[in-house]
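Derivation of every value follows stated rules applied to the coordinates shown; laboratory data play no part. Owing to the predicted nature of the structure, the values given are computational and were not obtained by experimental measurement. With ideal geometry, Cβ positions are generated from the backbone for all residues, glycine too; neighbour counts draw on all protein chains shown.
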Amino acid sequence: MGGNPRTTPPSRSDWLNRPLSEAQQRYALDDVRFLEPLYRWVRETLEEKGLADALREESDRFARELAAQDDPDMHYLRLRGGWALSDERQKLLRSLVIWREQAARRKDRPRSRVVPDAALIALAESRPDSLPGLSRIPDLSPGIIRRYGELLLDMLAADPSGLPALPAVIPGPLTRDQQALYKKLRKRLVAVAEARGIPIELLAPRRRLEAMIQQAAMGEDPCSGGLFEEQWRRELLEPLQDDIRGILTP
């Protein structure tokens, strides 16, 4: 009824706003306080399971993946919704994403506050050639058009054939048949994970399983790379290589 109004807890506050409030900074520091005891617990648990090397190898893998995410030239691959674009349109999307990444870093703003992912994909697909055309893109706010409209039009007017070649195309979603293979493969690996007391999400991350399925679809050996890159996984999964090949290359 009466009394002091309730304040918003830090966990539900606006973390995109700058500068962070003192309460938000304290909340963030509290998170860090638990990292060291959590690390000790994880290390001891893995040592008990005979997986001491897994911590080091997984830490190295996460560091590599984070570094790749910070590479402006490769960030377009994270816009999974752009998989249906032609190679030429993906080249255009890549140039838009590189520009946005540079603008976000320069202004110290979240990427979505510069131009949202969905808007970049729609721009690469439809290539509007006027400010009214930009206004018909659902995720482009009037403020974004006011700030970046002319620049976006200049970029969209570029001939995609003159843009740098794609390092890789954006992977598409699994087909229905591939989804069935995914479920069958995951079920086989769940048995290994449960036997060793390892979460299946750690032993066989979904994206890696999807990559294996797509490798097999292209006629490549699904057991080359992927889950077999790290030594600790390789030791657990090498006995299953024939099973994996049998599932993915019937």
How high is the relative contact order of the chain, in percent, with contacts defined as C-alpha pairs under 8 Å that are six or more residues apart?
16 percent
Around residue 38, what is the net charge, scoring Lys/Arg as +1 and Asp/Glu as -1 over all other residues with Cβ under 12 Å from its Cβ?
0
GNM of the chain, Cα pairs under 10 angstrom: of 84, 191, 211, the biggest fluctuation goes to 191
Between residue 207 and residue 86, the FRET efficiency computed from the C-beta separation at R0 = 22 Å comes out, to the nearest 0.05, as 0.40
Residue-span extension gain [residue 249 to residue 190] - 0.36 nm each, minus C-alpha spacing
19.3 nm
Over what distance in Å are the Cα centres of segment 184-210 and segment 103-138 separated?
38 Å
Scalar couplings 3J(HN,Hα) for segment 207-215 by Karplus 6.51 cos²θ - 1.76 cosθ + 1.60 (θ = phi - 60°), nearest whole Hz, x for Gly and Pro, are 5, 6, 5, 4, 5, 5, 5, 5, 4
For segment 36-50, 3J(HN,Hα) per residue [Karplus equation, 6.51 cos²θ - 1.76 cosθ + 1.60, θ = phi - 60°, Hz, x = Gly/Pro]:
5, x, 5, 4, 4, 5, 4, 4, 5, 5, 5, 4, 5, 8, x
Given R₀ = 41 Å, FRET efficiency for residue 61-residue 23 by Cβ-Cβ distance, to 0.05?
0.75
I want to check the label-to-label distance for residue 169 and residue 136. Put each point 7 Å from Cα in the C-beta direction and report it in nm to one decimal.
2.8 nm
